[in-house]
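Just below is one structure, and these are the notes that go with it.
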Amino acid sequence: MAPRAFGEEVAELIASREPADALKAYGIIEGCEDLRPVFEMNPTPGAFLPHKKQCATITDAMRRSKYDYLRVAAYAGTPGVGSAWLRYGPSGDVDALRTRPNDPSVVEWKEQATALVIRDGDKGDFDALQDLMNGYAGKTPFFDADPSRALAYAIAYKDVVDLLQLGPIQNQPTDAELDVLAAKLSPEQLAWAKAFAAAIVSARVKKPTSATR
């Protein structure tokens with residue numbers, strides 16, 4: 001049986017008017033956009049051809065509307081939306097935190113986006129854990145540096161990567177890197193970080209088996 005056309009799937013998802021389906025539609029379109037350079041570098045038929053054909057069925061109107069789909073999911077608080085909404089920025093302005101950090105609309109967006117990421121990360125969402133690990137390590141403008149949380153989310157991220165059998169992946173923290181983070185903490189802080197990480201992984205284990213991210 002031929003793979004289902006993504007354009008048909010997106011149309012069906014949007015027709016449901018469910019925020020969770022809007023997020024799925026956004027994910028399908030964004031996934032195809034991410035693969036476009038791969039398609040361009042591999043023009044000859046092969047492993048990518050079926051996926052390329054599926055992506056080709058997505059219309060320009062769907063591509064233009066993908067952030068509308070994301071916005072619907074974000075304002076509904078759909079599980080798993082946090083990281084995508086965080087990376088999109090307020091009204092699509094990814095530089096807003098740098099150029100106008102005190103703008104009320106930017107402050108409001110940041111509070112909403114970071115709250116969604118924390119909620120998703122604490123339930124073991126793969127992308128959210130990555131954002132939290134980097135954010136609390138002071139590597140992004142979204143979160144204030146917090147060594148205890150940086151270690152907790154790094155441990156959880158590493159364990160979830162192993163749980164999902166995704167690794168090793170490029171940004172998965174090594175044991176040596178975790179040791180460096182741990183060395184900055186007091187015994188009490190270290191114990192808290194390990195316990196918090198274990199709780200996150202436990203929450204991830206309890207997620208439906210269909211959830212892979």
> For segment 54-124, rounded, prolate or oblate, judged on the Cα gyration tensor with a ≥ b ≥ c (square roots of eigenvalues), a/c < 1.5 rounded, else prolate if a/b > b/c?
Replying inline: oblate
> Short version: ³J(HN,Hα) in whole Hz for each residue of segment 64-76, in order, from phi by Karplus 6.51 cos²θ - 1.76 cosθ + 1.60 (θ = phi - 60°), x for Gly and Pro, what are they?
Replying inline: 5, 9, 4, 6, 5, 5, 4, 4, 4, 5, 5, 6, 8
> Say we join alpha carbon atoms closer than 10 Å with springs in a Gaussian network model of the chain; which of Ser105, Ser148, Ser83 then has the biggest fluctuation?
Replying inline: Ser105
>> Of the candidates Thr99, Thr57, Thr174, which one comes out as most mobile in a Gaussian network treatment of the chain with C-alpha springs shorter than 10 Å?
In response: Thr99
> How big is the chain by the Kirkwood estimate over distinct Cα pairs, in Å?
Replying inline: 18.8 Å
>> Please enumerate, by chain and number, the lysines with C-alpha under 21 Å from the C-alpha of Lys207, excluding those fewer than 8 residues away in the same chain.
In response: Lys24, Lys123, Lys158, Lys194
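Quick note: the coordinates plus some simple rules give every number you see, no bench work behind them. All values derive from a computational prediction rather than experimental measurement.
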